[in-house]
Amino acid sequence: MAAEKLYNYIWHILADVIIEESKSIFNEDDEKAKLSKKWTLYQILTVCLKLLHPFTPFVTEEIWQNLPKKDSGFLIISEWPNDKNL
């Protein structure tokens, strides 16, 4: 059930809504807005990877290793998302 909820969020909210709405910001000249949106998308991606890791550890670890500015060397030992670090 948890994997299904994550899938639905990533596919229907993140991909269909958040990323699609972000495209218009990246086509504008406002560099501050672009930087803000990049940071937001990066944060969403890192949290999604952490939440998906128990279900798809090899895929998520590979993606994690290719990210800049990680909070730890390996995804498996990174801090689990909670209300204080979101």
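For every residue, the table says whether it meets (1) out of contact with any strand residue (DSSP E or B) (no Cβ under 8 Å at 6 or more places or on another chain); (2) surrounded by 13 or more Cβ atoms within 10 Å (Cβ to Cβ); (3) among the hydrophobic types (A, V, I, L, M, F, W, C).
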position: 15; (1), (2), (3): yes, no, yes
position: 47; (1), (2), (3): yes, yes, yes
position: 60; (1), (2), (3): yes, yes, no
position: 84; (1), (2), (3): yes, no, no
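State all residues of the stretch 62-82 that are at pLDDT below 80 and exposed (fewer than 10 other Cβ atoms within 10 Å of the Cβ); if no residue qualifies, say none.
Result: 69, single match.
The values are calculated or read from the model by the stated rules, or taken from the named source; none is laboratory data. Please read all numbers here as calculations on a predicted model, not as lab measurements. No Cβ is skipped: glycine too gets one built from the backbone with ideal geometry, and neighbour counts run over all protein chains shown.
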